[in-house]
Structures are given as structure tokens and as C-alpha cells.
Amino acid sequence: MSARQAVPFLDLSATHADLRAEFDAVWHDVVDNTAFIAGDYAARFEAAWAEYCGVDHAVGVANGTDSIELILRGMDIGHGDEVIVPSNTFIATAEAVVAVGATPVCVDVDADTLLVTAADIEPAITGRTAAVIPVHLYGQPCQMDAITALASKAGIAVIEDAAQAHGAHWRDGVVGSLGDAASFSFYPGKNLGAFGDAGAVVTKDAALAARVRSIANHGRADGEHVVHPLMGRNSRMDGIQGGVLLAKLAHLDKWNNDRRAAHVRFMDRLSGSVAVPVSEHPEAHSVWHLNVVQVPDRDQVIEAMGARNIDVRIHYPQMCHRHPSLEDQPELPVVEASTPRLLSLPMYPTIADDDIDLVCQTLNEVLAELGHHP
Ligand SMILES: *Cc1c(COP(=O)(O)O)cnc(C)c1O
């Protein structure tokens, strides 16, 4: 019997293969110009990224956790302030709030999309709430109109965590342009990924962008090397990351469309399955960073899939509101019920149709072996 074909969780080599010459040119330029931090490539990427996101300002920073923290600091949010975050997110969203001394207040999510909604946020608003961070998790944008309407009524800021949603849109608005500021990560595995850590802050607010840029560069005054009006920190984008991201940005829409096409095939092959996919809101255009379903006996399913050479993961096993460092968090029924059932199936732009079929067929077989029949 021949070994079953292996399906990796993520494979970026095929998406990079055609861009090899461009990446080599970036490397040569960076070395020739000795422009290792920020410089021309980072500035060109910032301009292109702001335009892509439909805003005037983008600031390249060191990663997508710093970018949330820098937005909070730029807005003067810190000790004594509460910031509302969905419990179903990557831990970085809450980490950034803790890093500025503010208190994360975790809230529940919608049972179909697993995203935070205005209805989840509203009861958590208090006199101390300074901001809410809607997370466009798995690549799908939150229902932003209702969230921004609620926030403006309550007088709180909206900070999009768009780390998983480059190019997604809610109605006709692209993520990054839907709140007061947005944070992006370019961690290599994200839909737009660098060759190391990188991130960006985008905003329509010129003053906020200038403050973020200064804080991320040791509090320096614009164009000054040894004048520090603010007490800042160091979180800058490398030149090489700017160049790589600029080269890859030209292909982002195609890659996102390929992810969407792959997702359609997954949905077709999983229709009627015991595995329940995250649903896409009819007015959302998801870019499917992750391909998440809910299954019973999740841990046994992962083991059985692994034994059949199919790499599946969990995003995320840690419920933010149950993190040991966070006290006095509420009970959140949707997150508590869904978290033990979450399973991320393979997803990347070049995933082969045969591999999608194999993943779905194997998943249904495994569920049947565990006694779960549709
Ligand atoms: C990846 C990610 C981050 C953090 O980005 P890094 O660049 O890894 O620091 C923040 N929020 C979410 C939702 C993420 O997926």
C-alpha cells in the first residue's frame, strides 16, 4: 500500500517561487544602499499600503503586536482605562492592552462567525472604557457599521486588529479604513507576510500617525536624530521587509482570491458534514487566513488526521478571558462552547484541489470512525 499523500497546514514555497528574482533584487539594493532600517523600501511600502487600505497614513513597525500597542499609546490609552477585546482572538490583542497598563475586558462572539459584534460589546462599556478592538479573525471582517455607530455614541475609539484580514472588506469598505486606526501584522504566515517580523499602523488621522511614528522611533521629533520630545521605544520596520512586502503586495489580491476559491471547494466538500464551518456573513468579503470548522471529539480528530498525514491545528486553544493573568473576567458562553471544538484545516493560496478533497474526505471518515455520522 502506498503512503497517503501528506497535506501540510501551510506551504508558502510555491507562492514565493515566481518572485525569487524580485526578492534577490531587494536584498542587493538593501546591501548596496546600506539601508537596513526603514529607508526607501519601507517608505515605499508604507505609501503603497496606505493606498491599498484606502487611508492617508501607514507607519511600518516591527510586528503586529507592537502596532496595537503603539496605537493605544498614540491615543494616550493606559492606566485606569478599559479596552474591550473579543475573547476569541490570538493572545497578542490582549497582550498589547496589558503592555500599555490598560485593562482588557473580554467579551463574547457571534456563534456563526465567531467574531465580536456590537451586541457583544455594548453591555461591556463602562465609564472607564477608552476603546474597543474588533478583531477580523480568520480573515473575515467584523460587522463594522454597527460597531462604529455604537462606539461613536459611547465616545470610545475603534481600533481594528486586521492581522489576519489584509484586503478583506465589510460592505464596500476595506479593512484598515473602518475604524479610527488599524493594526496589521506581516508575520510570515499571514496573508501578506514578510521574511521575518513586521507590522503596520494605518489611519486617516495625521496627528495619530505622527505620534505613532515618533513613539516607534525613540520619541524622536520628525527628521531629528537627537531630539526626543516623547519618551518612546524602538519598533521600526526593516528595509528588507519593506522591499519584500512591496514585491508581494502586487500579488495579494490574486492570493486572496485563490484562498476564496479554495474555501468554496472546502464548503462544497463539507456540505452535510458533521464538521461545521465558520460562516461568512453575506455582506462580508473574507480573505480566509484560516479555515476553521467546529467538530466533536476535537483532540481525537487531530490525532487521527495527523496519523493520516494531514496537518491540522487549533486557533486558538487559549480563551483570552481564561488567561491566568487576567482577573474578574465574565463567563462567555459562545467562546466557552466553541473553543474545545475549533479545528483549523489546511489553507493557502496554492493548495491543490486534490488535497482539499483528501482533507475533507479524511475528516468525514475520521468523524465516522469516532461515531459521528451526519
Ligand atoms: C498575528 C496576530 C497578531 C500579532 O502579530 P505579530 O506580528 O505576530 O506580533 C495580533 N493579532 C492577531 C489577531 C494576529 O493573528
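Brief remarks follow.
- Of all the listed residues (111, 168), the sole one being surrounded by fewer than 19 Cβ atoms within 10 Å (Cβ to Cβ), touching a helix residue (DSSP H, G or I) at 6+ places or on another chain (Cβ under 7 Å) and farther than 21 Å from residue 82 by Cα is 111.
- Residue among 211, 269, 298 that is buried (at least 17 other Cβ atoms within 10 Å of the Cβ) and either touching a Gly at 6+ places or on another chain (Cβ under 7 Å) or of a type in the set (S, T, N, Q) (or both): 211
- Taken over the range 301-320, the criterion of being small (Gly, Ala, Ser) and either under 29 Å from residue 84 (Cα atoms) or open to solvent by 50 Å² or more (accessible area, probe 1.4 Å) (or both) is satisfied by 307 alone.
- Inspection of the range 53-62 finds no residue satisfying the criterion of being in contact with a strand residue (DSSP E or B) (Cβ under 9 Å, 6 or more places away or on another chain), under 30 Å from residue 309 (Cβ atoms) and open to solvent by 30 Å² or more (accessible area, probe 1.4 Å).
- Filtered by the rule that a residue be within 15 Å of the ligand (Cβ to nearest atom) and acidic (Asp, Glu), the range 136-164 gives 160, 161.
- Cβ-Cβ contacts under 7 Å between residues 6 or more apart (or on different chains), taken from a first residue in the range 114-142 that is open to solvent by 10 Å² or more (accessible area, probe 1.4 Å) to a second residue that is among the charged types (D, E, K, R) and assigned to a loop (DSSP other than H, G, I, E, B), are listed as 117/110; 120/108; 128/81; 130/81.
- Condition check for residue 42: open to solvent by less than 10 Å² (accessible area, probe 1.4 Å), under 22 Å from the mean Cα position of the chain (by Cα) and more than 15 Å from the ligand (Cβ to nearest atom): yes
- Count - residues of the range 70-88 that are touching a residue at least 60 places away in the same chain (Cβ under 8 Å) and open to solvent by 30 Å² or more (accessible area, probe 1.4 Å): 2
- All positions within the range 165-194 that are more than 13 Å from the ligand (Cβ to nearest atom), in contact (Cβ under 8 Å) with a residue 24 or more places away in the chain and more than 16 Å from residue 255 (Cβ to Cβ): 170, 171, 173, 176, 177, 178, 179, 180, 181
- Within the range 12-37, tally of residues that are under 23 Å from residue 201 (Cβ atoms) and open to solvent by 40 Å² or more (accessible area, probe 1.4 Å): 2
- Restricting the range 89-101 to residues that are in a loop (DSSP other than H, G, I, E, B) and open to solvent by 10 Å² or more (accessible area, probe 1.4 Å), the residue that is farthest from residue 161 (Cα to Cα) is 101.
- Filter pass, residue 77 being at pLDDT 95 or above, in contact with a strand residue (DSSP E or B) (Cβ under 7 Å, 6 or more places away or on another chain) and part of a helix (DSSP H, G or I): no
- Residue satisfying condition, being surrounded by 23 or more Cβ atoms within 10 Å (Cβ to Cβ), within 16 Å of the ligand (Cβ to nearest atom), within 19 Å of residue 81 (Cβ to Cβ) and of a type in the set (A, V, I, L, M), within set 201, 244: 201
The values are calculated or read from the model by the stated rules, or taken from the named source; none is laboratory data. Keep in mind that this is a model prediction, so the values were computed, not measured. Glycine gets a Cβ as well: all are built from the backbone with ideal geometry, and neighbour counts include every protein chain shown. Heads up: the accessible areas ignore ligands, DNA and RNA and are worked out on the full protein's heavy atoms, side chains in. Shrake-Rupley method; radii C 1.70, N 1.55, O 1.52, S 1.80 Å.
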